[in-house]
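Each reported figure results from applying straightforward, stated rules to the coordinates on display, with no laboratory input. Owing to the predicted nature of the structure, the values given are computational and were not obtained by experimental measurement. Cβ: placed from backbone, ideal geometry, glycine included. Neighbour counts: every protein chain shown.
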Amino acid sequence: MLVRAEGMDETFTIHDGGTVRTQIWHYPNRSECQTCHTPVAGLALGFNTPQLNRDFHYPNGTQNQVRALSEAGYFGTNLSGFHTLPALANAADRSVSLDFRVRSFLAANCVQCHQPGEWLSAILTPA
């Protein structure tokens with residue numbers, strides 16, 4: 001659903017571990033949309049395998065998110081070998097190099113809009 005041509009700001013109340021805060025989400029105006037929805041980005045934006053290839057604590061237990069999506073029938077075929085798929089590092093995981101943690105953070109939070117081209121391989125391949 002598109003917002004008004006001039007865009008829109010919406011305020012949300014966030015309950016985060018006993019802390020309550022307010023966050024404002026900005027829905028871009030029509031010209032701002034073109035900044036991120038580019039041919040290089042595939043025109044559509046969304047999550048990807050490396051972002052989801054990690055364990056998540058579901059109400060019925062912990063499971064790899066890609067596996068959960070596969071088992072729920074969201075893919076055309078059942079997937080396996082999740083440990084061989086690309087995955088981002090947790091920024092707090094000191095067992096992983098700082099370089100890879102920073103690259104993972106950038107891949108999860110920045111490259112959707114700030115991308116020169118082949119963003120995923122550039123982010124996940126050490127310099």
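The chymotrypsin sites (Phe, Trp or Tyr not before Pro) found in segment 1-92 that occupy coil by DSSP, while having at most 16 further C-beta atoms within 10 Å, are Phe47, Tyr74, Phe75. Here is the short version for the chain: Cys33, Cys110 have no other Cys C-beta closer than 4.7 Å. In order along segment 70-81, the Karplus-derived 3J(HN,Hα) couplings, from 6.51 cos²θ - 1.76 cosθ + 1.60 at θ = phi - 60°, round to 4, 5, 7, x, 7, 10, x, 9, 6, 8, 8, x Hz, and Gly and Pro are given as x. Converting phi to 3J(HN,Hα) with the Karplus coefficients 6.51, -1.76 and 1.60 and the offset θ = phi - 60°, segment 12-20 yields 10, 9, 10, 9, 10, x, x, 9, 10 Hz in sequence order, with x at every glycine or proline.
The long axis of helix 98-109 is offset from the longest Cα principal axis of the chain by roughly 50 degrees. Taking amide H as placed 1.01 Å from N in the peptide plane, Asn64 has its amide H under 5 Å from the amide H of Phe56, each at least 5 places away in sequence or on another chain.
Working note: Debye formula, equal point scatterers on the alpha-carbon atoms of the chain, no solvent; log10 I(q)/I(0) at q = 0.12, 0.16 Å⁻¹ is -0.67, -1.12.
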